[in-house]
Amino acid sequence: MSQPHLDTSPPVSDEVRKTTCYMCACRCGINVHLKGGKVAYIEGNRDHPVNKGVLCAKGSAGIMQVNAPSRLRAPLKRVGPRGSGEFEEITWDEALATAVSWLKPLRETAPEKLAFFTGRDQSQSFTGWWAQQFGTPNFAAHGGFCSVNMAAAGIYTMGGAFWEFGQPDWDHAKLFILFGVAEDHDSNPIKMGIGRLKARGARIVGVNPIRSGYNAVADDWLGITPGTDGLLILSLVHVLLGAGKIDVDYLSRYTNAPVLVNGDPKSPDYGLFLRDDAGKPLVIDRATGKLAPFDQPGLRPDLAASHRHAGVTHRPVMHLLAERYLDPQYAPEAVADRCGIPAAKIRALAAEIAHTAFDAPVVLEREWTDFRGELHKTMTGRPVAFHAMRGISAHSNGFQTARALHLLQILLGAVETPGGMRFKPPYPKPATAHPKPHCKVTPGAPLDGPHLGYVQGPDDLCLRDDGTAARIDKAFTWDNPMSAHGLMHMVISNAHAGDPYRIDTLFLYMANMSWNSSMNTGGVMKMLTDTDANGDYVIPRIIYSDAYSSEMVAYADLILPDTTYLERHDCISLLDRPISEADGAGDAIRWPVVQPDRDVRGFQSVLLDLGARLGLPGMVNADGSARYADYADYIVNHERKPGIGPLAGWRTGDKGLTHGRGLPNAAQLDEYIANGGFFVAHVPDNAAYFKPWNRAYQDWAVSMGFYDKPEPYLFQLYVEPLRRFQLAAEGHGTRQPPDHLRERIKTTLDPLPVWYAPFEDGHADPEEFPIHALTQRPMAMYHSWGTQNAWLRQIHGVNPLYVPTALWRSHGFAEGDWAQVTSMHGTITVPVAHMAALNENTVWTWNAIGKRKGAWALDEQAQEAEMGFLLNHLIHELLPPRGDGLRWSNADPVTGQAAWFDLRVKIEKVPAPAQSQPAYPPIASPVGKGPGKLTWKVGQ
Amino acid sequence: MTSLPTHTQRKLGLVIDLDTCVGCHACVVSCKGWNTENYGAPLSDQDPYGAEPSGTFLNRVHSYEVQPTDGAAQLVHFPKSCLHCDNAPCVTVCPTGASYKRQEDGIVLVNEDACIGCGLCAWACPYGAREMDMAAKVMKKCTLCVDRIYNENLPEVDRVPACVRTCPSNARHFGDLADPGSAVSQLVAARGGMDLMPEQGTAPVNKYLPPRIKDRLDQSDQIDILAPFLAPVTDQPKGFLGWLDKALDRL
């Protein structure tokens, strides 16, 4: 039989250029295959530490981002009313001159009148530095509406958190428990890890109201009621403590369980640690029975004894912990109904955790020496690994829930030990090693220090002399003292209300605030277009930078068009959000593997240009000329402190090239490109675990420049800074909270993890609004800036509201039906679909599929604009008014994280409308519409 | 009508692990990317920025809910592409010989030069694994990346189908299912790999590994086994401190 001739070895490409994807926060390495200078194919880079060759749907569809018709083409000046989308293309000279004419007077008189907030920013150490040099206190990125609860709880508790800071020990874990992860953070590494666990026969348990994605492949699923994860975790703690299934040795050596706490309610130090003259927390040495600083060589801290000092009894944290969590209020039977999980299942999970942790430890034959000088023959760990992300953190009790999870991990001895959770360099790093927030404004001069940081008590809050908030987002105030990532979701609302003050210019980057990135989307559109008695906009000026024609473009006065991800320089820096894995510190670059075919510029280069035109320190030479030609120049030559720059690889040392600390190297980017776009320094084997207490790790971290001297520390089961805020609320100290916040601070800023019901439960009548409503991004669009992608929108082009079986039946829904969904705040009308694998009181939909008509170069009849919808319309940035004239934000009271997932709704079957509601009029497209057909083949 | 080879030297195909597939669609888009640029006409998209975009895909992931009689509902992600059947009805139905099964490795291909776009093969395929490209008017299907797996311009490690190379959770495996010693054959043997719709008599080469049994945590036998791990040391804080003291002594 004859077969046609087939060339099975066709040329694949003319050239492969290796760069970093970073269209989401995974930061995978990619091989971009080019034919005739055009992108022909994109695949994962096998050598890259993050993705090791694999690539997600979004990464493979990158080719449709680079050719997207929604790409902005040139700087734009608004010519119609705000929100119309009517623009005129202008030159870069005019655009930059306009921006300078707005910003220069502000810097000279009132720098705080510039609010500079970046959304999916991938260069926060740079944009923050720029804002600091400008002198405004008003800078943050999107962490406040994403997952600051997770970050802050992790840093304060153990000097690192999940995801960017830490990862499960995929090689040794035997039980993996996944809490509340939407199908996202951190996408490819979790998928790869799940594959590795499954190949080894390890078990996976998912705790999530929705059984999709990772939860769909979990061996066991706990379909928990949203907002009750903390209660479930504390019940596990209750059972494990009662059974003595905790790692006593680990707790005594590496945590503050033995640290003594003042127990005198009348003392101004009530609840604070007993410290020596050097300020070191004290413990009792079990060998001598005497007090000793926690880090004394040879010390064996006692967990059981208490100490009487100056008439005050001091008890170890372990006592307080046992007292609280052995209480029957945490028994499985007491929490089962609220969590929606049978008590027997909670006990069974606790038993499996106990069995895996203590009957099947992982022992690595590796010697290491701890910070007290003791040599350990092995590295022994508890092979129970946890991971969690937005699902548990985007609640008003999210900070304490994340804390509770860390408490559970630490009680098991399953952090930084084999089989548990491992930190990624430059983490671990305790909260005390981070900067504190800075907010002192001096016209014409830089801010007094970095904007964001970790407060240690009321003295560190960002308050002005009259006690009002120094920042427009009210970060680091009594409303939310530990708001380490700022509160981007409050910026527009506060600026519109003039609370705490009015601003002049709102400068945003890659943040779709008039659409899916805001709570109360309709309200935000009104705030952005609202005018005062003179007819002037209440928020006078808005500058926006984006690569695409997103919904936000229409609401700005001046558009600075950015490049797409393959057309630009970036650095994925150890100063910022690096690509490290537990076994290696890594950073990476993007470089222009193709040139833009439009009059667009990389935003960071534009920011440097603006900085030079404004004469900002660090961005100009002595003669006033620009210090950096562009962002690439900055990446190579900027030094944050001597020897430490944005990139750690291939710096200039005394004897040639070096890594970590070193002088700038003019050929640094070439070295990165030759190495596939990234750099990795491997953690030495004897430094790979027990990092916070491991001398070998500490010394290695100093050599890499992560810190200037070894900084061993204890895990903070009891977080003393929280107690300092409580003490203030109880009336101690000179810096006092307003009276209306005292009770809330006492309840929610508890130094030991605590569970309280999500705030919306206290406002929305659970009888009237019995249903929880959630969103998640699909894995194919996780964190993506481009759901208009021609290939991806064929996969996720519609987002029905998924309804569980009992509700589906009781409302008499059938396929094709629509529902009206109502919260305390608003109403939407949307298509529904049935899904059985759901918590019985939870509905959900894919986030950010719905589009405004006219945006993203899509047809106005696009399914995303006709059928798609946002839940954002149901969620307000404020809690309902209480008649006290105050604006209470819908956020976590510790960190200010937007409480997206507190949402309660009711649903009702309604006749199908013409399109999903609310519907907004189309906006004019500054880029026209996309083509009617694609046959995309760049080769011959 | 076109005839099938009586025997193929090898049976190259995919083994897809339904216990591990998280439904991320990475394979779908990687396939779309490679095959748009490579074998034959590009995979086109109609109305890509319009009301209802639709395009040609050689591999799609479907999701099905399973509702056990007792226990929670489950969601199964089910990637599907051509299964390169031994008794491929799409080949025998082809009026021009455009559809054929390769003798050397069993891959089922469409010779686009001979394809008249009649669509009979798509009707004949019980799996719905073939798609007519609306721009080129030729039938498109999974080629098992025949232009990758032997491609000397690629590093040897990359000579696998694009979907296999990209799969983040390692749910896709490629190899020779005619060789009982191959890694894929061993995986099929160990995990009870299954044919899709065997009653159709198509003898598919691709195999599916079924999901493992789920939700055993609170089954009564498990609870009996696990209960001893939770024997309480005390139910009082005071008693707990006594236990703690002894536990520290034992260290």
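We did not get these values from a lab; they are worked out from the coordinates using the rules stated. Every value quoted in this text rests on a predicted model; they were computed, and no experiment measured them. Note: ideal-geometry Cβ built from the backbone for every residue, glycine included; neighbour counts use all protein chains shown.
Points to keep in mind about this one:
- Summary of packing: across the peptides A:583-595, B:58-70, the per-residue average of other C-beta atoms within 10 Å ranks them, highest first, as A:583-595, B:58-70.
- Table column - 3J(HN,Hα) (Hz), the range A:296-304, Karplus curve with 6.51, -1.76, 1.60, x for Gly and Pro: 4, x, x, 5, 10, x, 8, 9, 9
- Distance violations [Cα-Cα > 27 Å] among A:LYS174/A:LYS691; A:LYS851/B:LYS214; A:LYS58/A:LYS906; A:LYS290/A:LYS424; A:LYS52/A:LYS691; A:LYS526/A:LYS909: A:LYS851/B:LYS214; A:LYS58/A:LYS906; A:LYS290/A:LYS424; A:LYS526/A:LYS909
- Under 15 Å from the Cα of B:LYS11 - aspartates and glutamates, other chains or at least 8 residues apart: B:ASP86, B:GLU104, B:ASP105, B:ASP176, B:ASP179, B:ASP195
- Percent of C-alpha pairs per 20 Å bin in the protein assembly as shown, short distances first: 11, 42, 37, 10, 1.
- Cα shape, chain B, gyration tensor, a/c 1.5 rule: prolate
- Cα-projected label distance for A:ALA445 with A:THR652, points at 7 Å along beta-carbon direction, nm: 3.3
- Using a cut-off of 20 Å between Cα atoms, the listed pairs A:LYS853/B:LYS32; A:LYS35/B:LYS101; A:LYS280/A:LYS746; A:LYS245/A:LYS345 include A:LYS853/B:LYS32; A:LYS35/B:LYS101; A:LYS280/A:LYS746 as exceeding that distance.
- Expressed per residue, the C-alpha convex hull volume of the range A:564-625 stands at 116 Å³.
- Tensor-based shape of the range A:37-141 (alpha-carbon gyration tensor, a/c under 1.5 rounded, otherwise prolate or oblate): oblate
- Take the Cα of B:GLU65, go 7 Å toward its beta carbon, and the backbone nitrogen atoms of the range A:881-918 under 20 Å from that spot belong to A:905-910.
- Exposure proxy shown here: for A:TYR555, A:TYR631, A:TYR565, the number of other Cβ atoms within 10 Å sets the order, fewest to most, as A:TYR565, A:TYR631, A:TYR555.
- Relative contact order for the range A:624-770, counting Cα pairs under 8 Å that sit 6 or more residues apart, in percent: 12
- Annotation: extensible slack from B:PHE78 through B:GLU104 equals 6.5 nm (criterion: 0.36 nm per residue apart, minus Cα-Cα distance).
- Within 10 Å of the Cβ of each residue in A:238-251, the mean number of Cβ atoms contributed by other protein chains is 4.
- Tensor-based shape of the range A:471-616 (alpha-carbon gyration tensor, a/c under 1.5 rounded, otherwise prolate or oblate): oblate
- Under 27 Å from the Cα of A:LYS440 - lysines, other chains or at least 8 residues apart: A:LYS104, A:LYS113, A:LYS429, A:LYS474, A:LYS641
- On the principal axes of its alpha-carbon atoms, the range A:522-607 has extents of 59, 34, 22 Å, going from largest to smallest.
- The peptide list B:21-28, A:200-207, A:96-103, put in order of mean Cβ contacts within 10 Å with the highest first, becomes B:21-28, A:200-207, A:96-103.
- The range A:160-428: proportion of alpha-carbon pairs further apart than 34 angstrom, %: 21
- Cross-link reach is defined here as a Cα-Cα straight distance under 14 Å, omitting same-chain residues fewer than 8 places apart; for B:LYS246 the aspartates and glutamates meeting it are A:ASP247, A:ASP249, A:ASP302.
- Burial order of peptide ranges A:43-54, B:178-189, B:200-211 (average beta-carbon count within 10 Å, highest first): A:43-54, B:200-211, B:178-189
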